[in-house]
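Notes for the one structure printed next.
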Amino acid sequence: YEITSLIVASNTNAANRRSVRTINLYFHGAPTYIGLTYKSLAFSKQGIMKKFAFGLMVIALLGTKAAAQPQQQGTFLKHSTYSVHPVTLIVGSAVEILPWMVTVTYENNYAEQKSWVFNPGMTVWNLTDGVSELAFFGIEVNTGPRYYLAKPSSGVYLQSLLTLGYANADVSSGGDEASASGFGGGLLGYVGTKGKWDKISMFIDVGLGYQFSGMSFNTSVNSNLENSVSGTGLAFDINFGIGYSF
């Protein structure tokens, strides 16, 4: 799974015929990416660039349409917007094997064309196939400035987010148990667009940047495994939100 994945792989040691099981855990939230190993973080750069290019194309089309709308006149009024991210919430609730994710965005438009964004999220995933069981929990907090290029609080915008996250996972399989937990963070730059109709608004943005992570784990399978690991790499994020302004 792209969002969250726990892989338990088995292999047999030919020298003494005993089973050795290794655990590879990685969690990709939005936009925090936490990983146990460098291999976990080595996802396809080509695939990322294709998604990033597609997101930019969608944003450009929506931004062109938004820019064609008449410019709002009058004195700018400070306001706040609360948005939910419906796609991950609906899909996670409807598809049993996918994690349940809830993300909200608070935007404070404190000046013309300028706002501050606060974006917390939570992921819960409980999965079982009758033999193995997985219990996963993750939280993240993302915050940063947003700047609108033309209009006071709508149209094309640029944004940067500082991300911090925590994840914990417990897995059991065939009597063996393992757990992992750790922190991660990063810095991403976004390009997006926001449409606004009276109090209702919608936005979509795409981000790309740098992330780091550090995790510790323990297992009942192999006590010789390292109990901590860290990694760095690219971070990719795409968001869609529907909001209401006060």
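The values are calculated or read from the model by the stated rules, or taken from the named source; none is laboratory data. Everything numeric here is computed off the predicted structure, so don't read it as measured data. Don't worry about glycine lacking a Cβ; one is built from the backbone with ideal geometry, like all the others, and counts go over all protein chains shown. Just the protein is used for accessible areas: all its heavy atoms, side chains included, with ligands, DNA and RNA removed. Shrake-Rupley method; radii C 1.70, N 1.55, O 1.52, S 1.80 Å.
Results, tabulated for the structure shown:
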read-out: Some residue of segment 214-226 being touching a residue at least 12 places away in the same chain (Cβ under 8 Å), within 19 Å of residue 82 (Cα to Cα), open to solvent by 10 Å² or more (accessible area, probe 1.4 Å) and assigned to a strand (DSSP E or B); value: no
read-out: Which numbered condition residue 209 fails, given (1) among the small types (Gly, Ala, Ser); (2) touching a Leu at 6+ places or on another chain (Cβ under 8 Å); (3) open to solvent by 30 Å² or more (accessible area, probe 1.4 Å); value: (3)
read-out: Among residues of segment 118-129, those that are open to solvent by 60 Å² or more (accessible area, probe 1.4 Å) and aromatic (Phe, Trp, Tyr), counted; value: 1
read-out: Selection status of residue 115, over 30 Å from residue 174 (Cα atoms), open to solvent by less than 40 Å² (accessible area, probe 1.4 Å), in contact (Cβ under 8 Å) with a residue 60 or more places away in the chain and part of a strand (DSSP E or B); value: no
read-out: Selection from segment 93-112 of residues that are open to solvent by 80 Å² or more (accessible area, probe 1.4 Å) and touching a strand residue (DSSP E or B) at 6+ places or on another chain (Cβ under 7 Å); value: 97, 100, 110
read-out: Unmet requirement for residue 167, which otherwise passes all of (1) closer than 28 Å to residue 231 by Cβ; (2) of a type in the set (Gly, Ala, Ser); (3) open to solvent by 50 Å² or more (accessible area, probe 1.4 Å); value: (3)
read-out: Checklist (1) within 16 Å of residue 237 (Cβ to Cβ); (2) of a type outside the set (S, T, N, Q); (3) under 16 Å from the mean Cα position of the chain (by Cα) applied to residue 100, failing item; value: (1)
read-out: Criterion violated by residue 234 - all others in (1) within 17 Å of the chain's Cα centre (by Cα); (2) among the hydrophobic types (A, V, I, L, M, F, W, C); (3) crowded, with 20+ Cβ neighbours inside 10 Å satisfied; value: (3)
read-out: Any chance residue 149 is in contact with a Gly (Cβ under 7 Å, 6 or more places away or on another chain) and open to solvent by less than 60 Å² (accessible area, probe 1.4 Å); value: no
read-out: Condition met for residue 139 (more than 28 Å from residue 231 (Cβ to Cβ) and open to solvent by 10 Å² or more (accessible area, probe 1.4 Å)); value: no
